[in-house]
Amino acid sequence: MQAHQLVAIALALASVGVLLLAGLVLARVAAVRRSERTLRHALDERALQSAALAAASRSADGAQANAKATRPVQPKGFKGLLERFAHAGVRWLDTPFGRQVVAEEERRLLEQCGFVDTRTRGLFLALRMLGAVLLPVVAGMLATGHVSGPRYVTLVVGAAIVGFMLPKFILARRARRRRNGVVNELPLLVDLLRLLQGVGLSLDQALQVVVSDFRGMLPVLSSELEIAQRQFVTGRTREQSFNRLAQSYDNEDLRAVVRLLVQVDRHGGAVQEPLKQFGDRLREMRRAMLRERIGRLTVKMTGVMIVTLLPALMIVTAGPGVLAVKNSLHVSQH
């Protein structure tokens with residue numbers, strides 16, 4: 001056996017070994033991700049069960065609440081149909097097809113909209129598939145007799161694409177509104193936490209007061225803090241429950257507030273002065289942002305004034321002179 005053949009065999013064996021190691025690493029990573037998804041699903045289910053039990057205990061007395069907890073309630077009508085769609089979508093979530101339909105971007109949008117459990121992800125998957133099937137059927141039925149040939153095929157394919165992408169467009173619009181809401185509500189949240197900490201409330205009590213009493217003033221952040229509190233009650237640490245809030249929204253100021261709250265929960269201490277300085281910095285940034293918006297609005301209004309106000313101004317100011325010159329020319333000709 002020649003030297004180049006030995007080298008080729010050695011390289012082949014080395015490549016096989018590298019492929020085996022890579023396969024083992026990928027299998028390990030897939031197992032870790034699968035266990036994380038299973039744990040997250042179990043925690044979400046536990047959070048939903050605890051929230052349902054709390055709502056039942058508030059709406060009925062102790063005996064009726066225990067009876068409702070032991071007896072499974074099957075929703076009917078439209079809610080039952082949604083539940084069946086959600087369960088069907090949950091079964092498809094962890095498959096390769098489900099990971100393509102509900103990719104990481106869609107999961108991030110769902111978290112930004114406040115939908116953190118696997119049920120809503122399954123419902124989103126079912127809605128996308130239902131839209132991709134029903135909309136082309138409806139479009140094909142309506143276009144029958146009016147469009148034929150390649151145009152009919154193009155219409156059906158376009159309707160399928162629109163039906164598949166429409167839930168994502170709606171979700172992205174809601175997520176954009178909530179991101180803007182976070183930017184607008186963050187200075188008020190910092191001031192409220194500083195005041196509540198100043199009167200002697202603990203971090204848990206301050207967060208509970210914000211969630212229960214200031215929902216009208218902080219609709220987005222109060223709902224996010226409620227989700228974090230529910231996850232904390234169901235077994236996650238404070239850092240884990242706030243980690244989703246810090247990573248979901250692309251906002252560095254929100255990450256800084258979350259880091260501060262985690263440090264306070266872990267080490268304790270007074271945070272009135274840091275929160276005051278942070279609130280002042282947020283207000284200064286907000287003033288700068290508003291001045292920038294006003295500057296852009298001034299430039300935009302210049303074009304609007306030229307199109308709308310300038311013709312009316314010219315008619316009012318130069319109109320009598322033009323009419324006088326016209327009358328003079330008419331008299332001179334006669």
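The values are calculated or read from the model by the stated rules, or taken from the named source; none is laboratory data. Just so it is clear, the structure is predicted and the values come from calculations on it, not from any experiment. As a convention, Cβ positions derive from the backbone with ideal geometry for all residues, glycine included, and neighbour counts pool all protein chains shown.
Report yes if A172 is among the aliphatic types (A, V, I, L, M), in a helix (DSSP H, G or I) and within 21 Å of G114 (Cα to Cα), otherwise no.
Considered against the rule, which asks whether it is among the aliphatic types (A, V, I, L, M), in a helix (DSSP H, G or I) and within 21 Å of G114 (Cα to Cα), A172 comes out as yes.
Could you say which residue among L192, L134, L155 is surrounded by fewer than 17 Cβ atoms within 10 Å (Cβ to Cβ) and more than 21 Å from the chain's Cα centre (by Cα)?
The unique qualifying residue is L134.
Is it true that D280 is of a type outside the set (F, W, Y), within 27 Å of A246 (Cα to Cα) and touching a Leu at 6+ places or on another chain (Cβ under 8 Å)?
In short, no.
Among the listed residues G140, G163, which satisfies the condition of being modelled with pLDDT of 85 or more, in a helix (DSSP H, G or I), farther than 30 Å from Q229 by Cα and of a type in the set (G, A, S)?
Checking each option against the conditions leaves just G163.
Against the conditions (1) part of a helix (DSSP H, G or I); (2) in contact (Cβ under 8 Å) with a residue 12 or more places away in the chain, where does Q205 fall short? Just the number, please.
(2)
Hand me the list of helices (runs of 4 or more DSSP H) wholly inside the range 219-334 holding 1 or more residues that are in contact with a Gly (Cβ under 8 Å, 6 or more places away or on another chain), touching a residue at least 40 places away in the same chain (Cβ under 8 Å) and at negative phi.
219-233, 272-333
So, L290, is that one out of contact with any Asp or Glu (no Cβ under 7 Å at 6 or more places or on another chain) and more than 20 Å from V183 (Cα to Cα) or not?
Taking the combined requirement at face value, the residue does not satisfy it.
Scan the range 275-284 and give yes if some residue there is surrounded by 12 or more Cβ atoms within 10 Å (Cβ to Cβ) and under 26 Å from R174 (Cα atoms), otherwise no.
Yes, the range 275-284 contains at least one residue that is surrounded by 12 or more Cβ atoms within 10 Å (Cβ to Cβ) and under 26 Å from R174 (Cα atoms).
If you check V73 against the conditions, is it part of a loop (DSSP other than H, G, I, E, B), surrounded by 15 or more Cβ atoms within 10 Å (Cβ to Cβ) and at pLDDT below 80?
no
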